[in-house]
1. Would region 45-67 turn up any residue that is out of contact with any helix residue (DSSP H, G or I) (no Cβ under 7 Å at 6 or more places or on another chain), buried (at least 17 other Cβ atoms within 10 Å of the Cβ) and modelled with pLDDT under 95?
2. Quick check on region 79-91. Is at least one of its residues closer than 19 Å to Arg156 by Cα, not in a helix (DSSP H, G or I) and not charged (D, E, K, R)?
3. Only one of (1) modelled with pLDDT of 95 or more; (2) crowded, with 20+ Cβ neighbours inside 10 Å is not met by Asn110, so which one is it?
4. Right, Arg183: more than 15 Å from Arg80 (Cα to Cα), charged (D, E, K, R), in a helix (DSSP H, G or I) and at pLDDT 95 or above or not?
5. If the Cβ limit is 8 Å and pairs must be 6+ apart or interchain, which residue in region 66-82 that is in contact (Cβ under 8 Å) with a residue 60 or more places away in the chain pairs with which residue that is charged (D, E, K, R) and assigned to a helix (DSSP H, G or I)?
Amino acid sequence: MKMDFGELSRAVWCGVWVALCATAVGATAEDDDPIAFLKSHDAEVQAVLAEAPADSLPPAVREEIKKHINAAFDFRELSRLALGDHWDERSPDERDHFAETFSSIIREQNFDSFSRYYREGEIRYESAEVQEDAAVVQALAPVRDEEIEIEYKLHRVEGVWRIYDLVIDGVSTAEGNRRRYARYIEKNGYEKLIVQLDKQLARLREAVLSPPSGGATED
């Protein structure tokens, strides 16, 4: 069954977190091998989720996993790439605000799908190319009846690998975000963009605290 890119991208992000969120534990011998880094602590997250209820995750478990996610991704760089040239036009406080809001939306929007995908799929790492403090890891991820190609782009942050972009079937998520936000800013301005993102994050957080009795929560 064919999925549009938005659905595909979200499904793959969820699968990616399966492997990445476990990397929060301190760096060890895996520092020089990005694949080893990605795989090193999978078992710890598996243990956390295995003990959680199948239908939902308690708040404490959600927060624990979010800490792992924070340590696996370079959300600051993700945010910079998402704004593109507009990042340089923002003040330090505005950059902090955008980075916090943008990264929180990514975590909240994908979290429930991630936990479901964790129990169903497994990413297979194929190869890695390392050039000094940058690396590209090729992987395959099962999504429904398809196998999706994923390219992880990593760089070292304070000596530890961090993810700053995912290329899904040849399409960069960072570039997709940059184009989407650039169009919005050109039409409506940056101030309206951040207001809308703040509202989106508030809705997502409210949905976690007060899920409806029936049907899916709004993304």
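1. no
2. no
3. Status for Asn110: all satisfied but (1).
4. When the stated conditions are applied, Arg183 passes them.
5. Leu81/Glu175; Leu81/Arg178; Ala82/Arg178
The values are calculated or read from the model by the stated rules, or taken from the named source; none is laboratory data. What you see is a predicted model; the values in this text were computed from it and never measured. Here the Cβ is made from the backbone with ideal geometry for all residues, glycine too, and neighbour counts use every protein chain on show.
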